[in-house]
Amino acid sequence: MSMSWRDLFFVFARIGILSFGGPAAQIALMQRVLVEEKQWVAAKDYLAALSFCMLLPGPEAMQLATYCGWKLRGVAGGILAGLLFVLPGALVVLGLAALYVTLGQAPLVQAAFFGVQAAVVVIVVEALWKVSKRALGTAESYWIAALSFLAIYALGLPFPAIILLAGLWGAWRVSELNVQTIALPKPSGTVRTIVIWGGLWWGPLLALWVGGQDFLWEIALFFSQLAVVTFGGAYAVLAWMSQWAVDTKGWLDANQMLDALGLAETTPGPLILVTEFVAFVAGWGTGGWSMALAAALVSLWATFLPCFLWIFVAAPYLEWITAQPRLKGALNAIIAAVVGVILNLSLWFGLHVLFEEVQQTPFGAVPDFGTFNASAALLIVIAAIWSFKLHRGMLETLCLSALIALGMVMVF
């Protein structure tokens, strides 16, 4: 079905502004708008594109929007759709980060964030539950998840190494190699696409290195690495990002990392926009407003520019890619490994909310049990009841927890 550029702009702008609730809600929203309402994309093509985007690193909902734009209007349509999916949330996160660094020390603001942190623990546990239901169906998948948890929690193995090992194992374990006979498309233009989008990705970032911008280069390099290994959604890489930004580099403390995720949960767009908040706060601590804004911009570039590269290079090969058994086997193993990584994230967040002091040991994080925070435990229980028992939404859970924490401070 044909559509004007004006129609395309307003439809994808609407999707970007309304894309609250994480990837599942965002994917459902796009299906309702693009497949059911506008009938621009056939249902079978939409589902095939969704499976394809799950094979790629990066936020699958943003990449699905980019793919749909590409399918409708080529590269220009993909750029428009991808940008409109990300920009509304990016602007909101930028504003929230600016308020956070200027007002975050006020007692009432701190109390509200304390409530948000407690709710975040519940939200991450809920994400763990949802991912595990999809990923863990065999004894082998449970073993992969358990070993991944031990690798990152007890051994401190980097997240990319865990992903690589799981993918190699999954590909090697595939025994059924009956591949559908699907002709490869002509590779004309693929190399040019790689050169153009690879240059757009790395050109500005390498300029930071050449220009001696050491901090911004560190930001660029780290978030570019995240962009390559973000399989299984943002929760999968948050543990590594937390470990690096908090424990290794000291850009943020554990409470700020929890606040970052809580704020990102309340905004439209992909949850991986939490990278923008982390970079802004890290830049603020390094060089004030100018460095904070520059770091936020660099993080957005390094996080989302690769998504366009993956889509524009791989989209013409969609049918062939989704028919490869070893690729599917690798993806299944990676998703199982992601469960173990998210379990580590749940434990990391939970310990830092429930205990005032948490120390890193050669065998993982160990709390000082004498610093147990009963108020945090109460807030977590209330948030869990509100979310799991009453099935209330994520935004409601965050707001309720923040309001109760404010009430505690004002009463006591």
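Since every read-out is calculated from the coordinates, none of them should be taken as a lab result. It should be emphasised that the depicted structure is a prediction, and the values quoted were computed from it without experimental measurement. Note that each Cβ is placed from the backbone with ideal geometry, even for glycine, and that neighbours are counted across all protein chains shown.
What is the spin-label model distance, in nm, from Ser175 to Leu395 if the labels are put 7 Å beyond Cα along the C-beta direction?
For Ser175 paired with Leu395, the spin-label model returns 4.9 nm.
At 0.36 nm per residue, and after removing the present C-alpha to C-alpha distance, how many nm does the segment from Val381 to Asp45 gain when stretched out fully?
Working: separation 336, 0.36 × 336 = 120.96 nm, distance 4.23 nm.
In short, 116.7 nm is gained.
I want to make sure I understand the PRE zone here: with the label point 7 angstrom from the Cα of Ile17 toward its beta carbon, which residues in region 70-96 have backbone N atoms less than 19 Å away?
The answer is 80-96.
With θ set to phi - 60° and the Karplus curve 6.51 cos²θ - 1.76 cosθ + 1.60, what are the ³J(HN,Hα) couplings of region 334-340 in order, to the nearest whole Hz, using x for Gly and Pro?
5, 5, 5, 4, 4, 4, x
State which entries of Lys71/Lys328; Lys44/Lys71; Lys130/Lys389 exceed 19 angstrom in Cα-Cα distance in the structure shown. Provide the component values of the computation, followed by the final result.
Working: Lys71/Lys328 23 Å; Lys44/Lys71 14 Å; Lys130/Lys389 15 Å.
Those over the limit are Lys71/Lys328.
Going by amide H atoms built from the backbone, whose H comes under 5 Å of the H on Gly364, apart from near neighbours?
none
What order do you get for 237-247, 116-126, 350-360 when each peptide is scored by the mean count of other beta carbon atoms within 10 Å, highest first?
Values: 237-247: 23.0, 116-126: 25.6, 350-360: 16.6.
In descending order of packing, they fall as 116-126, 237-247, 350-360.
Would you mind checking which residues have amide H under 5 Å from Leu157's amide H? H placed 1.01 Å from N; only 5 or more apart, or other chain.
Ile152
Taking the Cα-to-Cβ direction at Ala146 and at Trp129 and moving 7 Å from each Cα, how far apart do the two end points lie in nm?
Placing both labels 7 Å along Cα→Cβ, they lie 2.3 nm apart.
Taking 0.36 nm per residue of separation and subtracting the Cα-Cα distance, what length does fully extending Ile194 through Met3 add? It would help to have the intermediate numbers written out before the result.
Working: separation 191, 0.36 × 191 = 68.76 nm, distance 2.86 nm.
Extra length from Ile194 to Met3 when fully extended: 65.9 nm.
Would you work out the relative contact order for the chain, in percent, from Cα pairs under 8 angstrom that are 6 or more residues apart?
Working: 589 pairs, mean separation 120.2, N = 412.
Relative contact order of the chain: 29 percent.
Taking R0 as 56 Å, what FRET efficiency do you get between Thr102 and Arg326 from their Cβ-Cβ distance, rounded to the nearest 0.05? Write down the numbers at each step before the final one.
Working: r = 51 Å, r/R0 = 0.91.
Computed FRET efficiency for Thr102 and Arg326: 0.65.
To the nearest 500 deg cm²/dmol, what mean residue ellipticity at 222 nm is calculated for the chain from DSSP H runs of n ≥ 4 alone, each contributing -39,500 (n - 2.57), summed and divided by the residues?
Details: 16 runs with 301 residues, N = 412.
Taken over the chain, the calculation gives -25000 deg cm²/dmol.
Please list 3J(HN,Hα) in residue order for region 272-279, calculated via the Karplus relation 6.51 cos²θ - 1.76 cosθ + 1.60 where θ = phi - 60°; whole Hz, with x for glycine and proline.
Each residue of region 272-279 in turn: 5, 4, 4, 4, 5, 4, 4, 5 Hz.
Could you work out how much longer the chain between Ala139 and Glu319 gets when fully extended? Use 0.36 nm per residue separation minus the Cα distance between them, nm to one decimal. The partial results should precede the final answer.
Values: separation 180, 0.36 × 180 = 64.80 nm, distance 3.02 nm.
Full-extension gain reported as 61.8 nm.
Just from the alpha-carbon atoms, what are the Rg and Dmax of the chain in angstroms?
Computed over the Cα atoms of the chain, radius of gyration and Dmax are 21.3, 70 Å.
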